[in-house]
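Below: the structure, in structure tokens.
What follows is calculated from the coordinates using simple rules that are stated; it is not laboratory data. Please read all numbers here as calculations on a predicted model, not as lab measurements. Backbone-built Cβ (ideal geometry, glycine too); neighbour counts: all protein chains shown.
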Amino acid sequence: MKLSTHHVILSLTPALCLVLFAQAAGDSNAERTASASLGARVEALEKQVADLKAAAYKPTLGEFMTSVQMRHAKLWLAGEAQNWKLAAFELHELDETLEDLAKLYPTHRDAPQPLSRMIAELLEPFLKQVEKVVQAGDGARFATSFDALSTACNTCHTATLHGYVSVKRPSGSQFGNQDFAVPRENK
């Protein structure tokens, strides 16, 4: 008796289905095992990142403000010496420090609003004004723009109940190891 192709296929279909089903079940188990393993690795890495974040050094707000004060003083000394490259550098560093401060301390217990918003509203306009003066190398307007920035800093201190911290033009250099004059090759 000769079987037709159709009969052969029909007779093998249940067996083929069983093989395919068994294969799929095996693949599914392997995928579940791989997925669980991957999930465990991700969880372990997330814990490691959290532990590193917790252990990482985080400057205090006071340390940030000390850095801001130093940059503020150096900005004045560079501008007073009309060393505009150095003034631009100090202004950039001052701005970066304020950005970092706002990221690490989005709020403060004595601040009426987020620090990033206070910086944007109270300081940014005056930082931009000083930046324009420095870029123009405008010695005549530097003192006025610097004093306006200092007033803005003090306004922020008052708003955060730290009005007793008042910044002004430095009366001299606290940085005896730095020359603020324009280097000879840049004159």
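Here the 3J(HN,Hα) profile of the range 106-115, calculated from phi with Karplus coefficients 6.51, -1.76 and 1.60 at θ = phi - 60°, is x, 9, 9, 4, 9, 8, x, 8, x, 4 Hz, Gly and Pro shown as x. If the Kirkwood radius is taken over C-alpha pairs of the range 93-174, then at 20 °C and 1.002 mPa s the Stokes-Einstein diffusion coefficient equals 158 µm²/s. Looking at the range 49-157, the trypsin sites (Lys or Arg not before Pro) that sit in a DSSP loop and have at most 16 other Cβ atoms within 10 Å of their own Cβ are ARG109. For GLN113 and ALA81, the difference between the fully extended length at 0.36 nm per residue and the C-alpha to C-alpha distance is 7.8 nm.
Under 16 Å from a label point 7 Å along Cα→Cβ of GLU93: give me every residue in the range 147-184 with its amide N that close. Label zone hits: 170, 173-183.
For chymotrypsin sites (Phe, Trp or Tyr not before Pro), the sites in the range 140-187 that DSSP calls loop and that have at most 15 other Cβ atoms within 10 Å are TYR164, PHE175. Placing dummy labels 7 Å off each Cα toward the beta-carbon, the span from VAL49 to ARG169 is 5.0 nm.
Between ALA136 and ALA34, how high is the FRET efficiency from 1/(1 + (r/R0)^6) when r is the Cβ-Cβ distance and R₀ = 45 Å? Nearest 0.05.
FRET efficiency, ALA136 to ALA34: 0.10.
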